[in-house]
Each structure stands twice: as C-alpha cells, then as structure tokens.
2 protein chains.
Amino acid sequence: MKLFRRLSNALPALVLLSGGAALADDTASDLAAKASASHWGYDFLADLTTDIGPRMSGSKAEQDAAAFAADRLKKAGFDDVHFEKFPVTYWARGAEEADIVQPRLQHLAVAALGHSAPTPAGGIEAEVVVFKSYQALIDAPEGSLKGKIAMIDQHMVRAQDGEGYGVAVVSRVNGAIEAAKRGAVALVIRSIGTDSHRLPHTGLMRYSKDVPKIPAAAISNPDADLLARLAAKGPVKMRLKLENKSTESETITVVGEIKGREHPEQVVLLGGHLDSWELGTGAIDDGAGVAIMAGAAKAIIDQGLHPKRTIRVVMFGAEEIGGGPVDAYEAAHAKEANNIVIAGESDFGAGKIYNAAVPAGAQGSAFAKQLTAAILPLGVDMLHEPSSHGGADIEGIHEKDGVPLIDFGQDGTHYFDIHHTADDTLDKVNPADLAQNIAVWASFAWLAAESDIDFRALSSSAGSAK
Amino acid sequence: MKLFRRLSNALPALVLLSGGAALADDTASDLAAKASASHWGYDFLADLTTDIGPRMSGSKAEQDAAAFAADRLKKAGFDDVHFEKFPVTYWARGAEEADIVQPRLQHLAVAALGHSAPTPAGGIEAEVVVFKSYQALIDAPEGSLKGKIAMIDQHMVRAQDGEGYGVAVVSRVNGAIEAAKRGAVALVIRSIGTDSHRLPHTGLMRYSKDVPKIPAAAISNPDADLLARLAAKGPVKMRLKLENKSTESETITVVGEIKGREHPEQVVLLGGHLDSWELGTGAIDDGAGVAIMAGAAKAIIDQGLHPKRTIRVVMFGAEEIGGGPVDAYEAAHAKEANNIVIAGESDFGAGKIYNAAVPAGAQGSAFAKQLTAAILPLGVDMLHEPSSHGGADIEGIHEKDGVPLIDFGQDGTHYFDIHHTADDTLDKVNPADLAQNIAVWASFAWLAAESDIDFRALSSSAGSAK
C-alpha cells in the first residue's frame with residue numbers, strides 16, 4: 001500500500017504507468033534529473049564518514065555503521081530493511097614502524113597489509129633486497145632471501161579505468177608467500193597506488209598453508225623512492241615493527257529493498273560495501289558506492305515510482321578483508337540466484353561514470369535503447385562490448401550462479417591516489433560527480449526493474465547492435 | 001691563480017673579458033644554457049635528501065648536512081668554504097597524538113608546531129571551541145576559553161605567488177599566545193597549507209613572556225574538515241598528547257665563494273637555508289634553494305668565469321626555527337654589510353621562476369637590460385616594480401644594513417601543498433624546473449658580479465624604465 005501511495009504522490013508531469021517503452025524512457029530521464037538534484041546520497045556519505053568514520057570489518061565501528069545505514073534506509077522508506085551476518089576474522093592494526101637503520105636512520109611511512117602477521121615483539125631488523133618487479137622476485141632462486149627483508153618496488157601505472165591495479169596488486173596479494181618461499185623474514189612493498197604522498201596504501205594480502213607467514217607491509221611511494229635510491233648506492237638495513245592482531249568476529253551486510261509490484265521475487269541487485277579500511281574514513285572506498293546505490297533507489301522512492309521487479313540495495317560487509325563473507329552471501333542466496341535478474345556494483349569511488357556495458361543478452365534491446373537514451377545526456381557512452389565484470393562483492397553470484405552484470409565505468413584516473421590510504425576522506429568526493437553516479441544508477445535500476453527482459457537470454461541482436 | 005686557470009679553460013667561443021656590455025650579455029646567455037644542462041644542482045639535492053634526509057636545526061643531522069654541503073662545495077672548486085656557527089634552541093619532536101574522543105573516537109593526523117611546549121605526560125583532554133578565523137579568536141573575550149582547546153579553522157588561499165601564506169600564517173605564529181590569553185589550555189590549528197591530504201603542516205610558533213605557554217599543534221586539512229563538521233553538530237572533545245623537547249645547541253651556516261678578481265671585498269650574496277623541518281626530507285624547503293644557489297655558482301665556475309666581484313653562496317642554518325640565528329648572521333656581518341652589493345634568496349621550492357624585480361636603483365641600467373635579455377628566453381618577465389622583499393634569511397641585512405635585494409618570483413601554486421609536511425620529498429622537485437632556476441640565478445650572479453653598478457644608488461631612470 002505504501003508503494004501505491006508513493007506512486008500517487010508522483011509529480012503531475014508523470015504519466016500513469018501503462019507499460020509503454022516511451023513512458024519508461026521519460027520516467028528515466030525525469031528520474032535522472034531529480035536524482036541529480038537530491039542531496040540525500042551525499043548527506044548519507046557525509047554523515048557516515050563524519051559520525052562513524054573508519055569501519056573495519058568485524059569491528060564495533062562496522063556494527064555502528066550498519067545501524068546507521070539501516071536507520072537511514074528505514075527513514076527513506078525502504079522495504080524489508082535487515083541485516084545478514086557472517087563470520088569474519090577481525091584484523092586490527094596496532095602500532096607500526098619502519099625505519100631505515102643503515103646507512104643512516106630514516107623513518108618510513110608504513111602500513112601493515114591486511115591479515116599480515118605481527119612482527120616479533122622487538123621487531124625485525126634485516127638487510128633489504130630490492131626487486132624492481134614482482135616478476136624479479138619470482139625469478140629469485142629458493143633460499144636466496146634467507147634472513148632478508150624482500151622489497152618489491154613495482155610501480156603502479158595510472159589509467160582512467162584503473163587497469164594498472166590489476167597488474168600491480170599481485171605484489172601485495174601474493175608477495176609474502178613468494179618472498180617467504182625464498183627465505184625472506186618479512187615483505188615490504190611499494191604502495192599499490194598512483195600518488196606520490198607519504199601515505200602508504202594498505203590492502204588485503206594472503207598466506208599459504210605450507211609457507212611461513214611472514215609480516216608484510218607497504219611503504220609510501222616517496223619512501224620506496226628513497227629506499228630504491230639508497231639501495232642503488234649500497235646495503236640498506238631496515239627495522240620493521242608491526243603489532244596488529246586478529247580475532248574472530250562477525251560482519252554485517254545491510255539490505256533494503258523496493259519491493260516489486262508485479263514480480264517481487266525478481267531482483268535487480270545494487271551492491272556496494274559498507275566496511276572500510278581504517279586508515280581513512282572510507283569515503284571513496286566504499287562509502288561513495290553505498291551512498292550511490294542507496295541514493296539511486298531513494299530517488300526512485302522519492303518519485304513515487306513502483307517498478308515491477310524488486311530493487312535490492314546490498315551494503316556488503318567485509319569486502320576489504322576478502323574471501324569468506326562474500327562467498328557466504330553467495331551461499332546464503334544461491335537458491336534465489338536465478339531470480340537475481342541482474343546485479344551491479346559501485347566500488348570505484350565517486351568519479352564520473354563515462355561508459356556503460358549491458359549483458360550480451362540485452363544488447364540492442366528496448367531496455368538497452370532506453371538506458372542509452374537516459375544516460376547519454378549524463379555523459380555516459382554505451383559500449384559496443386557487453387559487460388564482463390562487476391566487482392568483488394558480486395563476482396560470487398556472477399561466477400557461481402550466472403547472475404548477469406551491469407557495468408558502469410567510472411573515471412578512476414585519481415582513484416588510486418587515495419585508495420586504501422589515510423587520505424580516503426570526504427573532501428575527495430565531488431558532490432556533483434556523486435550525483436551523476438546516482439542519476440545513472442537510478443535510471444538503470446528503474447529501467448531494469450520496470451522491464452520484463454531476461455538478461456540471461458542471448459539476444460539474437462547481440463553483437464550486431466553496433 | 002686557480003681562478004685564472006678556470007678562465008683560460010673556458011670554451012673557445014667565449015670572447016676574452018673586456019668589460020663590454022655585449023660580452024657580458026652573451027656570456028650570461030651561454031651560462032644559462034650550460035647551467036640548464038648541468039645535473040650538479042639536482043644531484044646535490046638528491047644526495048642531500050637521500051643520504052642525509054631531514055636536518056632539523058641544532059640536530060646531528062644538520063651537522064652532517066653541513067659537512068656534506070661543505071664537501072660538495074670544496075669539490076666543486078668554491079673558495080673559502082667554511083662554517084659559521086650560532087647558538088640555537090634544538091626543538092625535537094616526540095610522539096604526538098590527537099584524537100576526537102567525543103562524540104566518538106576518531107584519530108587525527110597531527111603535528112606539533114615548532115617550539116611548542118609538550119603537553120603534560122597524560123595529555124590534555126578538553127572540549128574544543130572552533131573559530132572560523134584568527135580574527136574570530138581575537139574577538140573572543142578574555143577568559144572565554146578557560147579549560148578549552150581553541151581550534152582556529154582558517155583556510156589558506158591558493159595563489160601563484162603564495163600570498164595566502166602571509167594572510168593565514170598568523171594563526172600558527174601567534175595563535176597560542178592569543179588562545180592562552182583567553183584561558184585556553186591548548187591550541188590546535190587547521191594546517192597552513194593548500195592541500196587536502198592527511199599530512200599536517202608544522203612550522204614555527206611563538207610564545208609571549210607574560211602568557212602561559214600552551215601546547216600548539218596543527219591537524220591536517222581533512223581532519224580540520226571533520227572536526228568542523230562534528231563541531232557544527234554538537235560538542236566535540238579532543239585529547240592531545242605532545243612529547244617534544246627543547247635543548248640548547250648550535251646551528252651551522254655553510255659558506256662558499258667565488259672570489260672576485262677586481263673587487264673581492266664586494267659581495268653578491270646568494271642565500272638559501274640548509275636546515276629543514278623533520279617531517280619530510282626538506283627537498284622543496286629548502287634543499288632546492290641551496291641546490292639552486294650552489295648550482296648557479298657552480299655553473300659559473302664550470303664556465304671558467306671569474307667575475308670582478310665575489311659571489312658568496314650562504315647556506316643558512318636555523319631558518320625554520322626562526323629569530324636568533326638569522327639575526328646572528330646579520331650581527332656577525334654588519335661591518336661588511338656595506339660591501340654586500342646585492343643579496344637574493346631562494347626559499348620557495350623549485351617551481352619555475354616567472355618574474356624578476358631589481359632594486360629601484362638598478363632599473364633601466366645596462367645591468368637590468370642585460371639581465372632582462374638573459375632571462376626572458378627562460379620564461380621570466382622583468383617587472384616594472386622594483387624589488388621590495390627577499391626572504392627570511394636576508395631580511396636582517398636588508399632591513400638593518402640596507403643591503404639591496406634581487407627578487408625572482410617562482411610559481412608557488414603548489415608549494416603550500418607540501419610545505420612543512422612529511423610530503424616534502426625529492427619526488428616533488430621537477431629537475432627541469434630546478435635547472436631553470438639555476439640558469440636564472442647563474443645569469444643574475446654573473447651579471448651582478450661582473451658589473452660595477454651600485455645597487456644602492458637611486459638611478460635617475462628608476463621608475464621611468466617602464
């Protein structure tokens with residue numbers, strides 16, 4: 001009933017729903033305009049980062065963030081606002097120090113990598129062996145790093161679509177395993193980031209069962225420059241001290257919906273993640289994403305719209321810390337996965353969206369044409385290529401359950417200047433760019449939820465839609 | 001003798017000195033080209049910041065930096081390389097922490113201000129009163145801050161010539177005095193900087209004899225944003241802990257010269273400062289400046305030139321920590337001040353020079369015309385206005401002894417993003433821009449030292465040279 005009331009409160013200019021394509025198209029454009037003008041999404045983000053701040057998965061702050069988000073969703077008129085809880089390892093950063101101690105004492109800006117073991121109480125002091133790339137480390141013979149600290153000095157390349165991350169991040173994820181295999185007592189990496197500030201980039205790292213779990217940390221790019229310059233001159237010794245701790249805890253995924261009026265079981269899933277690293281306040285990663293997704297759905301509610309299918313906003317917990325919780329969501333929802341008609345994720349900051357890709361099955365469809373028409377005025381191209389990737393939170397349901405993906409490409413030219421650093425704060429978000437993201441996602445969510453299209457089907461026009 | 005050998009080793013293209021204006025002009029242009037191509041200045045800076053790093057006035061590191069610089073000057077063929085030592089208070093940063101503790105715990109990026117008193121051992125915890133400007137603090141009645149932490153939230157304006165610094169810096173210099181007068185137990189300021197990174201800007205602050213010496217610190221701009229947003233919502237409590245210490249020590253000024261062939265007692269003084277804050281490695285402030293000045297003189301040596309007057313490169317100690325040592329240099333040299341024919345300072349990073357101003361007495365002179373001709377191809381305008389300011393190191397000899405000033409204006413659009421932060425590292429210096437600075441100063445130094453002009457005299461053409 002509430003939803004029908006919403007509809008009847010819609011602006012007079014809104015023609016009553018009749019299922020026609022032209023109607024949906026006008027509605028999407030109108031929605032985009034209204035979404036662009038709303039402050040709700042930005043306010044959500046501002047309050048999340050101001051009143052809660054950092055919200056590490058498994059922490060008390062994450063619980064508070066979940067309570068905050070659920071409260072906002074309820075007040076905004078979302079249906080079925082609820083929590084889904086999953087076990088998680090809470091990794092808590094402690095004191096951390098890195099110093100060059102030879103040839104002379106110089107302090108380095110350092111951050112332990114997520115899941116890193118702590119160092120022994122007194123720290124580790126050892127000679128540093130610098131590798132110019134991850135490959136160079138791989139090429140080092142077994143045993144060659146015995147008693148040494150391995151340093152991977154691979155630079156990350158700046159690219160609009162963030163492609164440099166995929167290339168560089170292996171140092172962070174697998175570096176400790178590969179360094180330990182060769183005898184190293186610790187791993188230090190050049191930050192996986194495109195900036196040149198004294199703010200190290202943290203992020204997830206992995207261990208392997210059969211290899212010693214050595215401590216792993218990132219130093220800032222200017223510090224990596226310094227270390228590389230010194231190493232080119234002679235032996236460098238480093239002292240590394242990390243006091244982080246791991247405990248078992250639980251993470252919270254927050255869900256809110258706009259229930260579909262005709263096919264409530266069919267779900268258009270809009271995902272982002274609520275948890276964040278704790279060096280910054282998680283504004284671009286991924287406060288922006290959850291603000292965008294919730295803001296997009298809120299715009300639909302505000303317009304009194306009531307689509308055929310359900311729109312589900314999912315604010316995932318524990319994206320950053322990886323693995324388990326995202327898989328757990330997939331496991332918990334596998335039985336309904338066939339009803340998730342399409343899923344999208346916003347987890348790349350608040351840079352403007354500049355392109356879009358729909359599943360192959362939808363290319364050339366009325367849906368795709370309506371979407372193209374709605375987002376082109378917002379500065380978004382529809383790509384000729386079909387969508388092929390979503391994001392970490394939804395890759396489980398995509399890969400295991402075949403849920404089709406919508407993909408909006410954001411301008412990430414500067415995203416990795418900030419990503420996973422203390423600099424991830426509200427000032428890095430441009431409210432107008434955030435609003436453009438909200439408008440694009442609102443248009444998409446409305447069109448997808450109001451459509452009957454089966455995104456899984458291979459449309460005969462796929463590939464010929466160019 | 002050595003100097004004459006240098007001359008005879010000059011390039012064949014160099015016409016023998018005959019005192020003619022055309023000759024000097026060609027020489028300056030040739031010198032600028034050669035100076036631009038030399039790596040000596042950049043190497044000096046790279047090695048200073050890499051091998052020594054931070055060099056706080058009065059510290060062991062400053063002594064090491066002085067030894068390094070003197071060694072480089074000697075190897076480069078400078079005459080009379082020597083130290084001049086002055087007493088200084090060595091202020092050493094200790095552990096420092098600032099947290100918002102109400103409405104919820106949030107860590108702030110903080111840096112004690114130079115000369116700040118430490119907090120009591122357990123730190124200070126108090127409510128914060130936020131002032132949007134320094135003036136707002138001044139307007140607060142006496143006693144109104146009893147038991148509170150005063151926070152000055154004045155933003156610094158970005159400007160090419162850095163004019164925003166002069167307006168904003170009063171918060172840092174006098175804020176603790178004014179806050180203490182009104183009863184505050186500590187002062188916190190928004191960083192005096194134009195960036196939005198989690199890297200606070202330190203810098204000099206002052207106390208007054210009759211006012212309690214309260215601890216004073218800067219928080220980064222994003223942290224100041226957060227604090228201001230929270231303060232707009234309700235009461236904010238902060239905990240501040242600073243463990244810095246002050247001890248009596250000495251600072252070292254390093255001097256090297258190119259002795260004049262005709263008037264060795266007449267000095268063209270090129271100044272910068274060798275000391276630096278210790279959060280970064282003092283690359284732009286002021287490693288660049290001393291590299292530029294030494295590099296300019298080195299270019300003259302490399303060309304085998306031997307000017308009439310002495311060129312003196314002075315790498316001041318204790319510029320950052322202020323007051324005493326610079327005055328001490330003035331006092332030590334007051335008796336020769338009449339022979340310092342002109343002085344210039346490079347202490348604004350390595351941004352390109354884009355304008356120049358000569359003393360009123362020199363406007364329209366052959367010297368000014370030659371200088372204009374030499375630097376215009378380097379992208380430097382000669383201003384119609386005479387020079388009116390030099391810099392902190394040379395203001396003593398200018399104001400007390402009337403030493404005329406040369407002033408080259410550098411592009412400082414981004415200088416205050418970095419200034420006095422941990423981000424003051426070598427990567428912030430563009431080698432080509434540094435080389436342009438060296439070329440400009442080399443041209444000037446040669447022309448001024450080869451000239452007979454009396455910069456103190458009021459030229460009849462001054463003001464009409466437009």
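So the values come out like this:
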read-out	value
Residue that is farthest from the chain's Cα centre (by Cα), among those in the stretch A:356-389 that are part of a helix (DSSP H, G or I) and of a type in the set (Val, Ile, Thr)	A:372
Residue selected from the stretch B:46-84 under the condition outside any helix (DSSP H, G or I) and within 12 Å of chain A (Cβ to nearest Cβ), by the criterion farthest from residue B:298 (Cα to Cα)	B:59
The stretch B:195-206, subset in contact with a helix residue (DSSP H, G or I) (Cβ under 6 Å, 6 or more places away or on another chain) and within 17 Å of residue B:134 (Cα to Cα), residue surrounded by the fewest Cβ atoms within 10 Å (Cβ to Cβ)	B:206
Total residues in the stretch A:90-107, condition surrounded by fewer than 19 Cβ atoms within 10 Å (Cβ to Cβ), in contact (Cβ under 8 Å) with a residue 12 or more places away in the chain and in a strand (DSSP E or B)	5
Any hit, the stretch A:108-130, residues being outside any strand (DSSP E or B) and within 14 Å of chain B (Cβ to nearest Cβ)	yes
Hey, residue A:271 in contact with an Asp or Glu (Cβ under 7 Å, 6 or more places away or on another chain) and farther than 30 Å from residue A:117 by Cα or not	yes
Residue pairs meeting the criteria (Cβ under 7 Å; at least 6 apart or on separate chains; first closer than 14 Å to residue B:144 by Cα, in the stretch B:165-194; second of a type in the set (Asp, Glu) and in a loop (DSSP other than H, G, I, E, B))	B:181/B:142; B:182/B:142
Residue tally, condition in contact with a strand residue (DSSP E or B) (Cβ under 6 Å, 6 or more places away or on another chain) and among the hydrophobic types (A, V, I, L, M, F, W, C), over the stretch A:229-239	3
Search result, residues across the stretch B:31-45 that are within 13 Å of another protein chain (Cβ to nearest Cβ) and of a type in the set (A, V, I, L, M, F, W, C)	B:45
Sole residue being modelled with pLDDT under 95 and within 30 Å of residue A:278 (Cα to Cα), chosen from A:68, A:4, A:86	A:86
Residue match in the stretch B:146-167 (condition: among the hydroxyl-bearing types (Ser, Thr, Tyr) and buried (at least 18 other Cβ atoms within 10 Å of the Cβ))	yes
Verdict on residue A:104 being at pLDDT 95 or above and over 20 Å from the mean Cα position of the chain (by Cα)	yes
Boolean, residue A:18 is buried (at least 18 other Cβ atoms within 10 Å of the Cβ) and either more than 14 Å from chain B (Cβ to nearest Cβ) or modelled with pLDDT under 95 (or both)	no
Number of the exception - residue B:165 against (1) within 25 Å of residue B:197 (Cα to Cα); (2) at pLDDT below 95	(2)
Selection count, the stretch B:374-389, where residues are surrounded by 18 or more Cβ atoms within 10 Å (Cβ to Cβ) and in contact (Cβ under 8 Å) with a residue 60 or more places away in the chain	5
Residues satisfying the stated conditions in the stretch B:192-218, i.e. within 23 Å of residue B:412 (Cβ to Cβ), of a type in the set (Gly, Ala, Ser) and either part of a strand (DSSP E or B) or in contact with a Lys or Arg (Cβ under 9 Å, 6 or more places away or on another chain) (or both)	B:196, B:203, B:218
The stretch B:206-238, residues that are within 11 Å of chain A (Cβ to nearest Cβ) and polar (S, T, N, Q)	B:220, B:221
Options B:414, B:420; residue that is within 14 Å of another protein chain (Cβ to nearest Cβ), out of contact with any Lys or Arg (no Cβ under 9 Å at 6 or more places or on another chain) and touching a residue at least 40 places away in the same chain (Cβ under 8 Å)	B:420
Close pairs from the stretch B:138-153: first modelled with pLDDT of 95 or more, partner of a type in the set (Asp, Glu) and assigned to a strand (DSSP E or B), Cβ under 9 Å, at least 6 apart	B:147/B:127; B:148/B:127; B:149/B:125; B:149/B:127
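Matching residues to (1) basic (Lys, Arg); (2) under 14 Å from the mean Cα position of the chain (by Cα); (3) assigned to a strand (DSSP E or B); (4) crowded, with 23+ Cβ neighbours inside 10 Å:
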position	(1), (2), (3), (4)
B:304	no, no, no, no
B:311	no, no, yes, yes
B:319	no, yes, no, yes
B:322	no, yes, no, no
B:328	no, no, no, no
B:342	no, no, yes, yes
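The values are calculated or read from the model by the stated rules, or taken from the named source; none is laboratory data. Nothing here was measured: the structure is a model prediction, and the numbers come from that model. In this analysis, Cβ positions are derived from the backbone assuming ideal geometry, glycine residues included, and neighbour counts consider all displayed protein chains.
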